[in-house]
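Participant: This structure is in structure tokens; I'll ask about it shortly.
The values are calculated or read from the model by the stated rules, or taken from the named source; none is laboratory data. Just so it is clear, the model here is predicted, and its values are computed rather than measured. Here the Cβ positions follow ideal geometry from the backbone for every residue, glycine too, while neighbour counts run over all protein chains shown. Accessible surface areas use protein heavy atoms only, side chains included; no ligands, DNA or RNA. Shrake-Rupley method; radii C 1.70, N 1.55, O 1.52, S 1.80 Å.
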Amino acid sequence: MTEYEIDLGNLMAFDSHHNFASPPSSREELVKATLEHGTKLVQAVADALFDLPSTEDLDGPIVQLPHQQQQNCPEQSLYGYLWTTKTLFICSQLPKPKPPTRWELFAQKKGIQKRKKDKIVFDEQTGTWKRRHGYDRVNDDKDVPIIEAKMDEDPGEDPFAKRQKEKKNRVEKQEKNRLKNLKQAAKVGALPSHVQLAATALPITGTQAAPRKVSKDELQNVAGMAANATASGGKFDKKLPGEKPPKHDKKYRKFLPVVEGSGMGSLEKQQTDKVLNKLMSKNSHEILNVEKAINMYKVKEEKKRRNQKGNQSSNGSKLKTNKKSFKKTPKKGSPPPQVKGNQNEISLLLFLILS
Amino acid sequence: MMMKIRTPSKGRIRRELEKRAPKLVETGKKTLILHGTKTSNVLNAILSQIHHLKRNDSVRFTRKNDIKPFESSGETSLEFFSVKTDCSIFVLGSHSKKRPNNLVFGRTYDHHIYDLVEVGVENFKSTESFSYDKKLTPHVASKPFFAFIGEGFESVEELKHLKEVLLDLFRGEVVTNMNLAGLDRVYVCTAVSSNRVFFTHCAMRLKKSGTIVPRMELVEVGPSMDLVIRRHRLPDDSLKKEAMKQAPESTKKKVKNVTKDAIEGKIGKIYIPNQMVGSVPLPNKAKGLKRERREAKMKGEGSKPAEKKQKQDSD
């Protein structure tokens, strides 16, 4: 049996001795020779693979592949060289161990050991089981309705506010400690993957407030303004590639012509008309009695028709229209009673507006 | 300097970041498939089929990119893409007069270019042009076999490099446990001459042979092509040394009270604390206790309160 290099971790077989005595003349020959030899190699891998101890599973026999690091050096075996390539590298740096926090160092020095605590604790105040931390927790300050005053306390001070403040300070202190520890970890390069440390101020000025994020538009505007800040208003300056004229976000104020006339001159009239119309249409439902207007319109129509009837003889088509009007009469019904009282005033108003 | 701790507000993002963080044991690399400024039909087919072969762990960009990895400062955008997509292998196809049907395989370490191999593709045959029993079609993301044939893969540096890259590109997920029933594909590479490799993808048929080991039969399913080596760039020695670092094997804790014997196998010692049988409450009223009561009656003096007390004790 010829010896092949077999890498079980990657299911790879390599024949380093094979050499084409004469290069294959045609493509078919090459493919055939390759497949033939490939089958041999694959068989060699399979021989080694099926030889491994396997456990039966529902889906089929499961084999444990040799660990990558266990077989770094070539090892003589039944099937030739059995080894695992170490040539395949990792794609990122190895994670670094996290340095201990200040507390961890202290605990180690003092010999304080971590111990597990129950998540739920019996609360003696209420006589129930409650969470140790978080909402509705055991010994919550919020559950204490009365704090007894002590002799040495300042009577003007609100003990509840004081307690709240103290707690806030404690939380802030812890946050500071956390940041300190994370900085230490960042120095070694062992920051947890989801944590980022972001600078909130420039190192030189040391401003307290976090810098606001400037949008692209704002930057463009400022750049445009700066470019225009010359005696000529930036007229003779060279424009940079991609530079745009500064945007003017606000509206320009427009003045209407003072003198009245046609075209532009009548704009003022139109404007006032528009305002008036808007005002009226807003309140039109109070002014216009639709019911009555329809009634009036109907009466007028009726009169017209009667006059026409006197002139003309009846037609087939007329009959139809009659029918229609007949149908509509029950639909109309009586006008709503609450409007009745106003009708006189409304019609008067209507008259005024229409004139 | 003032600092602020920033953590993602959503769990999904945190999980995604954790996935991308460096790991002690890596299970696989994602592949990025890119098109250069100009690609031919052959290249389009190759890139889409490579993407198809690696469907579970590849990202494909279909827009044109002006990337020339071998030229100076040609890596910047590649490195950027590598960070964005979390891919550490890339395949770039480009077509030009000087280098027709050009494929560049490259790998990154820590999102920086590690090595590059450039090959020209000739005699490409796509999957569609092969006729075979469709039942044999390999499953998605099944673990492939590899067969490298030819002296060239050891003696010629370029081919040796190409072998390594091809293996890294197609090997799929790194596994420790494997189902033998799921083996169905082989990549066969033959070194035809010192700069030419015949690459083909075959399906595998496991036939009964009478022994535990089945008889293997290869059926070409494509794609198949000739890869002609053009340019290549090996990694720096220092970078290579760093990249090859393996995680120190976790030192196993000594397990107490367990010994292994060649004949008897695993032997464990068990220590049982004092059972305190006398003080243990009984789960049910045993008959034996009743007899005790009877005995007390037999004695005659058995006064009732005393009896009760005894009962309570026994409970």
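Participant: Inspect segment B:104-114 for any residue being modelled with pLDDT of 90 or more, on the phi < 0 side of the Ramachandran plot and part of a helix (DSSP H, G or I) and give the result as yes or no.
Facilitator: No.
Participant: Given segment A:2-60, what strands (runs of 3 or more DSSP E) lie entirely inside it while holding 1 or more residues that are more than 8 Å from every other protein chain (Cβ to nearest Cβ)?
Facilitator: Values: elements: A:4-7, A:12-15, A:54-56.
The strands (runs of 3 or more DSSP E) meeting that bar are A:4-7, A:54-56.
Participant: Something else: Quick one: count up the residues across segment B:2-52 that are within 14 Å of chain A (Cβ to nearest Cβ), within 19 Å of B:Glu79 (Cα to Cα) and part of a loop (DSSP other than H, G, I, E, B).
Facilitator: Total satisfying the criteria: 5.
Participant: Could you please let me know if A:Leu78 is modelled with pLDDT under 85, over 30 Å from B:Ile113 (Cβ atoms), more than 7 Å from chain B (Cβ to nearest Cβ) and within 54 Å of the chain's Cα centre (by Cα)?
Facilitator: Considered against the rule, which asks whether it is modelled with pLDDT under 85, over 30 Å from B:Ile113 (Cβ atoms), more than 7 Å from chain B (Cβ to nearest Cβ) and within 54 Å of the chain's Cα centre (by Cα), A:Leu78 comes out as no.
Participant: Report yes if some residue within segment B:100-110 is open to solvent by less than 10 Å² (accessible area, probe 1.4 Å), within 20 Å of A:Gly38 (Cα to Cα) and either in contact (Cβ under 8 Å) with a residue 24 or more places away in the chain or out of contact with any helix residue (DSSP H, G or I) (no Cβ under 8 Å at 6 or more places or on another chain) (or both); otherwise report no.
Facilitator: Checking segment B:100-110: not a single residue is open to solvent by less than 10 Å² (accessible area, probe 1.4 Å), within 20 Å of A:Gly38 (Cα to Cα) and either in contact (Cβ under 8 Å) with a residue 24 or more places away in the chain or out of contact with any helix residue (DSSP H, G or I) (no Cβ under 8 Å at 6 or more places or on another chain) (or both).
Participant: Residue by residue through segment A:167-189, note down the ones that are open to solvent by 90 Å² or more (accessible area, probe 1.4 Å) and more than 19 Å from A:Pro100 (Cα to Cα).
Facilitator: A:Lys168, A:Arg170, A:Glu172 - these are the residues of segment A:167-189 that are open to solvent by 90 Å² or more (accessible area, probe 1.4 Å) and more than 19 Å from A:Pro100 (Cα to Cα).
Participant: State all residues of segment B:145-171 that are under 23 Å from B:Leu43 (Cα atoms) and either at the interface with chain A (Cβ under 9 Å from one of its Cβ atoms) or not in a helix (DSSP H, G or I) (or both); if no residue qualifies, say none. Can you show your working first?
Facilitator: Pass one, segment B:145-171, residues under 23 Å from B:Leu43 (Cα atoms): B:158-159, B:161-171.
If the condition is that a residue be under 23 Å from B:Leu43 (Cα atoms) and either at the interface with chain A (Cβ under 9 Å from one of its Cβ atoms) or not in a helix (DSSP H, G or I) (or both), then B:Lys163, B:Glu164, B:Leu167, B:Asp168, B:Arg171 are the ones that fit.
Participant: Something else now. Just to verify a result, which residue in segment B:228-254, among those that are open to solvent by less than 90 Å² (accessible area, probe 1.4 Å) and among the polar types (S, T, N, Q), is farthest from B:Val140 (Cα to Cα)?
Facilitator: So the residue we want is B:Ser238.
Participant: Could you please find all residues in segment A:89-137 being over 39 Å from the mean Cα position of the chain (by Cα) and of a type in the set (Lys, Arg)?
Facilitator: Here is the first cut: in segment A:89-137, the residues over 39 Å from the mean Cα position of the chain (by Cα) are A:105-115, A:122-128.
Those that are over 39 Å from the mean Cα position of the chain (by Cα) and of a type in the set (Lys, Arg): A:Lys109, A:Lys110, A:Lys114, A:Arg115.
Participant: Among the strands (runs of 3 or more DSSP E) lying completely within segment B:172-227, list those that include at least 3 residues that are surrounded by 16 or more Cβ atoms within 10 Å (Cβ to Cβ), more than 7 Å from chain A (Cβ to nearest Cβ) and not aliphatic (A, V, I, L, M).
Facilitator: Result: B:185-193, B:196-207.
Participant: Would you point out which residue out of B:Gly93, B:Gly120 is surrounded by fewer than 20 Cβ atoms within 10 Å (Cβ to Cβ), in a strand (DSSP E or B), at pLDDT 90 or above and more than 25 Å from the chain's Cα centre (by Cα)?
Facilitator: B:Gly120
Participant: Is it the case, given these coordinates, that B:Ala262 is loosely packed, with under 12 Cβ neighbours inside 10 Å, of a type in the set (Gly, Ala, Ser) and more than 30 Å from B:Ile113 (Cα to Cα)?
Facilitator: For B:Ala262, the condition - loosely packed, with under 12 Cβ neighbours inside 10 Å, of a type in the set (Gly, Ala, Ser) and more than 30 Å from B:Ile113 (Cα to Cα) - is met.
Participant: Restricting to segment B:265-279, name every residue that is exposed (fewer than 10 other Cβ atoms within 10 Å of the Cβ) and part of a strand (DSSP E or B).
Facilitator: If the condition is that a residue be exposed (fewer than 10 other Cβ atoms within 10 Å of the Cβ) and part of a strand (DSSP E or B), then B:Gly265, B:Lys266, B:Gly268 are the ones that fit.
Participant: I would also like to ask the following. Within the group A:Thr207, A:Thr230, A:Thr200, which residue is open to solvent by less than 100 Å² (accessible area, probe 1.4 Å), over 29 Å from the mean Cα position of the chain (by Cα) and at pLDDT 70 or above?
Facilitator: Being open to solvent by less than 100 Å² (accessible area, probe 1.4 Å), over 29 Å from the mean Cα position of the chain (by Cα) and at pLDDT 70 or above holds for just one of A:Thr207, A:Thr230, A:Thr200, which is A:Thr230.
Participant: Look at B:Ile229 and say whether it is farther than 30 Å from B:Leu43 by Cα and of a type in the set (Val, Ile, Thr).
Facilitator: No; evaluated as a whole, the condition is false for this residue.
Participant: Oh, and also: Would you mind telling me which numbered condition in (1) touching a Ser or Thr at 6+ places or on another chain (Cβ under 7 Å); (2) within 30 Å of B:Pro214 (Cβ to Cβ); (3) in contact (Cβ under 8 Å) with a residue 40 or more places away in the chain B:Phe199 fails?
Facilitator: Unmet condition: (3).
Participant: Can you run down the residue pairs with Cβ atoms below 7 Å, 6 or more apart or on separate chains, where the first is in segment A:88-113 and away from every other protein chain (no Cβ under 14 Å) and the partner is assigned to a loop (DSSP other than H, G, I, E, B)?
Facilitator: Final answer for the pair search is A:Pro99/A:Ala190.
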